[in-house]
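S.K.: I have a structure I would like to understand better, so I am pasting it below and will then ask my questions one at a time.
The values are calculated or read from the model by the stated rules, or taken from the named source; none is laboratory data. Predicted model only: the values in this text are computed from it and were never measured. Using ideal geometry, Cβ is built from the backbone for each residue, glycine included, and neighbour counts are taken over all protein chains shown.
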């Protein structure tokens, strides 16, 4: 007969089959006591601790954190401590509307409060990306990216509630994400005019909640989609159509997604190429529309060093390119306030090439790119002096 090897579930199954004896009752009682005590075990107490300040030679260094699905507070705190210790001043964090307003008008701020409070305590500037449609605000059998115009006001209501709740803690809010992609627009044809209406309504409500908040237009996916593509629209064309629809007065800053793919950061910008310097073309569109004085925030970007992905670079190249990108923004792009690279750490492994975007492993092991940026931020090497 197979042994239970100490497995209480296997023992319990046999116990229920063969009937009760007094020794079994004792074992069952002990088993239930142990289970109940484990269920009642207190969670570790995590305190904010003393307020911190970021030490860095480059105030534009940032990262895109992914704490949305991180449930353990000590891991949230440790992530943000490591961001500060690396020398990053900015974080971009995702705050899904559908998580925090499960029913119309009922807000659940517990988790975002934890994230924001720890970030502010670490001396970090938080840029909040807000999207993800709750089930009650979209038709059945649609995705969480599907926001029809009938529910634009509901989204704007949530943005206003978020801005009011985090007044004094979160100064920047991004309205939606990559609306020039069909996937991000609910698998519908993209619509820059409709997105502009959403942006203007959300901006109005956000300013009513806090006139000092900085409303950030959504980062557009850098894409060379041809005219009429069912999958998306060229980001430069999409932005121009936003301006044509009256977007100029509806945002304070522009989010930019600037991925380098296999190209170095100094590879020149071109409308026919997706590279890090494509950010310059977004700013040029803004300037042509009389908006060149508005700041831009790179809210996603960077390089991947997966050994087999065709759009990846070698690990040493990723280190060099990342540091040069931070320095390029500092030296050459006065219109760019922050460069938040994707992505600092994931709560769990993706099991794909996506894991090779991170700076820190799931288990908080610093990767070479983290250590190199940390040295750079401490002034231990810039440009040729460090061999970057």
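S.K.: In this structure, does residue 67 turn out to be assigned by TED's automatic domain parsing to the domain that holds residue 143, under 14 Å from the mean Cα position of the chain (by Cα) and either over 19 Å from residue 162 (Cβ atoms) or surrounded by fewer than 16 Cβ atoms within 10 Å (Cβ to Cβ) (or both)? Let's see the steps before the verdict.
M.R.: Working: assigned by TED's automatic domain parsing to the domain that holds residue 143: yes; under 14 Å from the mean Cα position of the chain (by Cα): yes; either over 19 Å from residue 162 (Cβ atoms) or surrounded by fewer than 16 Cβ atoms within 10 Å (Cβ to Cβ) (or both): no.
Taking the combined requirement at face value, the residue does not satisfy it.
S.K.: Suppose we filter segment 337-360 for residues that are closer than 17 Å to residue 321 by Cβ and assigned to a strand (DSSP E or B); how many remain?
M.R.: The qualifying residues number 4.
S.K.: Of the residues 63, 83, which single one is touching a strand residue (DSSP E or B) at 6+ places or on another chain (Cβ under 7 Å), under 19 Å from residue 362 (Cα atoms), modelled with pLDDT of 95 or more and assigned to a helix (DSSP H, G or I)?
M.R.: After ruling out the rest, the residue left standing is 83.
S.K.: In the set 341, 286, which member is assigned by TED's automatic domain parsing to the domain that holds residue 93 and more than 19 Å from the chain's Cα centre (by Cα)?
M.R.: Values: 341 fails: more than 19 Å from the chain's Cα centre (by Cα).
Within the list 341, 286, the selection yields 286.
The rows are residues; the columns are (1) assigned by TED's automatic domain parsing to the domain that holds residue 308; (2) farther than 21 Å from residue 337 by Cα; (3) buried (at least 24 other Cβ atoms within 10 Å of the Cβ).
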| site | (1), (2), (3) |
| --- | --- |
| 222 | yes, no, yes |
| 225 | yes, yes, no |
| 231 | yes, yes, no |
| 235 | yes, no, yes |
| 240 | yes, yes, no |
| 245 | yes, yes, no |
| 248 | yes, no, no |
| 261 | yes, yes, no |
| 268 | yes, no, no |
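S.K.: Can you pull out the residues in segment 293-314 that are more than 21 Å from residue 332 (Cβ to Cβ) and touching a helix residue (DSSP H, G or I) at 6+ places or on another chain (Cβ under 6 Å)?
M.R.: 304, 305, 306, 309
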